[in-house]
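To start, the structure itself, in structure tokens.
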Amino acid sequence: MKKILLALLAVAFCLPSMASIRQKKADKDTYEFRYEIECAGNAIEGTYLVKVWTYSKKAALAENQCRKNAVHGVIFKGYGGGQGCVSQRPLAPNPGIETQYKDYFNSFFANGGEFQKYASILGGTTETVRVGREYKVGCVVSVRKDDLRKALEAAGIIRGLNTGF
């Protein structure tokens, strides 16, 4: 009986650490920012409606990373037109900004970070496709680009639209 109790206690202590290990692997995949971003249609003024395809070994973890990747794409990649959309340039015009402000973006994109304020997944829009040994998970995400731009301007990351050339 004692052996069974000890075995159950050992398993109970290992489960939370296994979940954190999975999350750390998903975060590592996210910080490599392996994703595709495309227009998903027209949105209300001040927002972008984008479809983000995130790659991960666990489908459930990839769904959580879609918002992070959508915000990253709006800031650093932009996206092409199509489906009645106009292509959008990234908010940060200089590709070196991400490495220049690495500390800021590490905390910005951390779990529970500020990026969450600017993106929300539209319900019922998640698609999952198995690609080899991993999953490609697509979500339609609404990104509040005007609020995101204001936050990046306030942090001194990008220049305001009303500043001169």
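Bear in mind that the values in this text are calculations on the coordinates, not laboratory data. Worth saying up front: this structure is predicted, and the values here are computed from it rather than measured. Neighbour counts are summed over all protein chains in view; Cβ atoms, including those assigned to glycine, are modelled from backbone coordinates with ideal geometry.
Name the shape class, rounded, prolate or oblate, that the alpha-carbon gyration tensor gives for region 25-154, where a ≥ b ≥ c are the square roots of its eigenvalues, rounded holds for a/c under 1.5, and otherwise prolate holds if a/b is larger than b/c and oblate otherwise.
Values: a/c = 1.65, a/b = 1.13, b/c = 1.46.
Oblate.
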| note | region 25-154: relative contact order from alpha carbon pairs under 8 Å, six or more residues apart, as a whole percent, is 32
| task | Report the extension gain between ARG34 and GLU134 in nm, rounded to one decimal, defined as 0.36 nm multiplied by the number of residues separating them, less their alpha carbon distance. | result | 34.8 nm
| message | Can you compute the modelled spin-label distance between GLN83 and THR99, with each label point 7 Å from Cα toward Cβ, in nm? | response | 3.3
| What is the set of long-range amide H partners of ALA40 at a cut-off below 5 Å, with H atoms built 1.01 Å from backbone N? | LEU49, VAL50, LYS51
| message | If I model a spin label at ARG159 and THR125 as a point 7 Å from the Cα along the Cα→Cβ vector, what separation in nanometres do I get? | response | 3.3
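Report, in listed order, any pair from LYS58/LYS145; LYS68/LYS150; LYS77/LYS145; LYS68/LYS136; LYS77/LYS102 with a Cα-Cα distance greater than 20 Å.
On the way: LYS58/LYS145 29 Å; LYS68/LYS150 18 Å; LYS77/LYS145 13 Å; LYS68/LYS136 15 Å; LYS77/LYS102 16 Å.
Distance filter (> 20 Å) returns LYS58/LYS145.
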| request: Quick one: net charge around THR125, please, counting Lys, Arg +1 and Asp, Glu -1 for every other residue with C-beta under 12 Å from its C-beta. | output: -1
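For an R0 of 22 angstrom, estimate the FRET efficiency from the Cβ-Cβ distance between LYS150 and ALA43 and round to the nearest 0.05. Please list the in-between numbers first.
Numbers: r = 17 Å, r/R0 = 0.79.
With a Förster radius of 22 Å, E is 0.80.
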